[in-house]
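Engineer: Sending over a structure as structure tokens; questions will come in a sec.
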């Protein structure tokens, strides 16, 4: 694992925790009614996507061990570059419900390996 990878993984983990605590379980109507939550959710997904892009540049082997990273790139790109297009909030909530727990599990496992490797 690249020495910079644990920091990126920690950023992803913290963001997953935020999404788990603040977004999972929200109904579409309550989500749509809370502009701050929508914006913070979209920003969180951009942060995760950007951290994964940086991981791809410095440590593609570690990235390959993260489930569905390509789908996460797609969501990040849509949010970051398609701001003038319609964002399907129901798809965002569904992606969070299905992908964030898996991502968090993958990242936790990789951070445990990094701790063993780097002694952090």
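The values are calculated or read from the model by the stated rules, or taken from the named source; none is laboratory data. Source: prediction; values computed, not measured. All Cβ positions, glycine included, derive from the backbone under ideal geometry; neighbour counts span all protein chains shown.
Engineer: Can you name the helices (runs of 4 or more DSSP H) wholly within segment 29-120 that have at least 1 residues being at pLDDT 95 or above?
Structural biologist: It comes to 35-58, 60-63, 89-118.
Engineer: What's the number of the only condition in (1) buried (at least 16 other Cβ atoms within 10 Å of the Cβ); (2) under 12 Å from the mean Cα position of the chain (by Cα) that residue 74 fails to meet?
Structural biologist: (1)
Engineer: Give the residue that is farthest from residue 118 (Cα to Cα), with candidates limited to residues of segment 21-60 that are in contact (Cβ under 8 Å) with a residue 60 or more places away in the chain and surrounded by 15 or more Cβ atoms within 10 Å (Cβ to Cβ).
Structural biologist: My answer is 31.
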